[in-house]
1. So what J values fall out for segment 112-126 if you push phi through Karplus, 6.51 cos²θ - 1.76 cosθ + 1.60 with θ = phi - 60°, rounded to Hz, Gly and Pro as x?
2. Treat the count of other C-beta atoms within 10 Å as a stand-in for reagent exposure and order 58, 219 from fewest to most.
3. Summing +1 for each Lys or Arg and -1 for each Asp or Glu, what net charge is found among the other residues whose Cβ lies under 15 Å from the Cβ of residue 123?
4. Give me the extension gain from residue 169 to residue 112: residue separation times 0.36 nm, minus the current Cα-Cα distance, reported in nm with one decimal.
5. Could you give the size of the charge dipole of segment 147-240 about its Cα centre, using +1 on the Cβ of each K and R and -1 on the Cβ of each D and E, expressed in debye and rounded to the nearest 20?
6. Show me, bin by bin at 5 Å from 0, the whole-percent P(r) of segment 147-240 based on Cα pairs.
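Any read-out appearing in this document is the output of simple, stated calculations on the displayed coordinates, not a laboratory observation. A quick note: this is a predicted structure, and the numbers were derived from the prediction, not measured. Every residue, glycine among them, receives a Cβ derived from its backbone with ideal geometry; neighbour counts consider all protein chains shown.
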Amino acid sequence: MKYIRSTLALAALFAASSLQAAQAAKTEGAAQLPSPQKSTRIATVNGKPYSLGLFEMFYAGRLQALQAKNTPQLQTRTLNDFMTMIVAAQEAEKLKLDKREDVHTALQLQRLQVLSNATIADMAQKEKVSDAELEKAYDELAERAKQTEYKARHILVKTKAEAEKLIKKLNSGADFQTLAKDKSIAPNAADGGELGWVDANQIPKPLAEALSKLEPGHFAKEPVMTQFGWHVVELEDTRKAEPPSFDAVKAQLTTLLKRQKAVEELVKLRDNTMVDVNPEVVKMKRGNGKDEKTK
């Protein structure tokens, strides 16, 4: 297989398709035609055409997975990976691997997941959210956001004995930041062990518990163990977190509430659907936890 790796051409194609979409959005009363950017052929591999729309979906997934910015370099790298995936998939079909039980089952599951997500998205789009529902959701969010944040530092070492030695030095007047730079094995050692402003959900539970018991300007007299090792922690300051404004989260809350309503409707649909499970495989349980034969 041969193809031209043209970053410029690919970027231009993206730009052109975006421009077409913008222009189409401005045209009222226009006939509903297939979107050019989705149907445009991006490549033909062994005689089989593949659309730009398919690549765009693959590329969007890559951007999300990498939390990366859209760059010409990433476009080119992703296009190469896309072509490799196509060649591998065609080879699988040639070898009839799609007929293998595990592969066939995986394909079935993926199809179900895509269709399920599409149904929820479609149902959510049709749901309505009232101002009262939005205000209630915001009040709940604001209440959860009212938590204490800690401005802290830590020194991470491998053993409890090392941490205890550092605490003795601090008790003798040693500077916390200097010790962190010299002794800590944490990535932020060069910054004097600075954690910045964090809340209890952003750090391991033992650290959060230790900080909650300290007064600003003091360090813990006992080492704190987490999955990373042993910590010596110092609390510099505390503050109450400010919740985001209503306008800042209104769109996200609307989307969340619509999706919640859609899922609730889907659960009702499931409960009213005739389901005949295999009693040899699935055992149903009563509310009291006892096994019950399926009917």
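1. 4, 5, 5, 5, 5, 5, 5, 5, 4, 5, 5, 5, 5, 4, 8
2. Ascending number of Cβ neighbours within 10 Å: 58, 219.
3. +3
4. Full-extension gain reported as 14.5 nm.
5. 240
6. The percentages, shortest bin first, are 3, 16, 28, 29, 18, 6, 1.
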